[in-house]
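Student: One structure is given below, represented as C-alpha cells, and several questions about it will come after.
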Amino acid sequence: MKYEIKVLEPTDLWYIQNINPETNKFYHPTKNIPLVQQAEINLNNSGVIIQKGALHWCMGKLTSGVYKTDNRLKDMWVSLTTEMDYNAPVYQGTGTVKLEPRQKGHFLHYTPIDLSDAEQWEFDDGIFQFCSDNVVIGAKKLKFRQQVAASNDGRWRIAVTALREQKATVVAATNSPAKVVELRQGETLIADCDLVKGFTKGIEEDYRKLGHFGKGGGEGYVWYYQGKGKLLVCENDAMGLG
C-alpha cells in the first residue's frame, strides 16, 4: 500500500474567469480560491481498510467488502480488550482508491505509523484514516463522561495491531502537525488539552483532577499518561496554527 496526499487546484479556465492568473494561487485578497486536499491510495496486489464513509471513488482490479474479525484471529482479538466489532470498508487488489476531498480551511496533517506484530496502537476515532489490511481492528468506548466531553475526536478509540510476523501501516490525520514521541518507564506526560491523539499498549491514560481551583490551586481536569510506549502528539493543538 502506497499513498499520496494531493492538493488539487482549479483549472486554468477558473483562474481566467476569476482572477489574474499571475496572482499567488494560495492567497488572494478578494477571491477565495477553492483548493482541495485529497488522499490517493495505490494498491499493488494489496489491501486497504478506510474510515467509514471516506470513499470518493476507486478504479482497478479491486474487490470491495467489509472488514470483520474472523475466528482465526480470536486470540489476538481478545488481546485487544475491545468492546465491540469495528466494521469498515476494505478494498483489495490492484488499483487506485481516492478518499473524500477536503475543502480549503479543513485540510489535515497526515502521519504514517508503522506497526510490527508486537505493537498495538489506540487512536481517537476521528484520527484513524486508513491502514493496510494485514491488521486486527476493534473499537473501545472512552471510559469516563469527562473524557468524552474533553476529547475533540469522537467518543470511540480504534485499537489496531498487525498480524503476527507482519508489518502494517496506519495513517492518522490531525488538525495540526503530529509526531511520535517515546515515553520511558517512570516518565509522565500531563496535558491541559487533548494533544495526545494515539498511544501504544503499555501506556496508561487517565483524565483526572490535578488539585482544585480556588484556594487549593491546581489545573482542574488534565490528561495524564504514564507507562512505557509511544504517543502520537500534536504540540500545536488548540493553538489555531494549522
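Student: If you add up the charges near residue 131, with Lys and Arg at +1 and Asp and Glu at -1, over every other residue whose beta carbon is less than 12 angstrom from its beta carbon, what do you get?
Tutor: Cβ neighbours under 12 Å give a net charge of -1.
Student: Taking a 26 Å limit on the Cα-Cα distance, which of the listed pairs 209/230; 98/201; 6/68; 104/209; 68/141 fall beyond it?
Tutor: 98/201; 6/68; 104/209
Student: Rank these by accessible area, largest first, 1.4 Å probe: 64, 46.
Tutor: These residues rank, largest area first, as 64, 46.
Student: Tell me, what ³J(HN,Hα) does each residue in region 103-115 have, in order and in whole Hz, if you take phi through Karplus 6.51 cos²θ - 1.76 cosθ + 1.60 with θ = phi - 60° and put x for Gly and Pro?
Tutor: 6, 4, x, 10, 5, 10, 9, 9, 10, x, 10, 8, 10
Student: Highest first, please rank the peptides 50-59, 92-101 by the mean number of other Cβ atoms sitting within 10 Å of their residues. Mind showing how you got there, number by number?
Tutor: Numbers: 50-59: 14.1, 92-101: 16.9.
With the highest mean Cβ count within 10 Å placed first, the list reads 92-101, 50-59.
The values are calculated or read from the model by the stated rules, or taken from the named source; none is laboratory data. The structure displayed is predicted, hence computed values, not measured ones. Every residue, glycine among them, receives a Cβ derived from its backbone with ideal geometry; neighbour counts consider all protein chains shown. When the accessible area is computed, the model is the full protein with side chains, heavy atoms only, and any ligands, DNA or RNA have been set aside. Shrake-Rupley method; radii C 1.70, N 1.55, O 1.52, S 1.80 Å.
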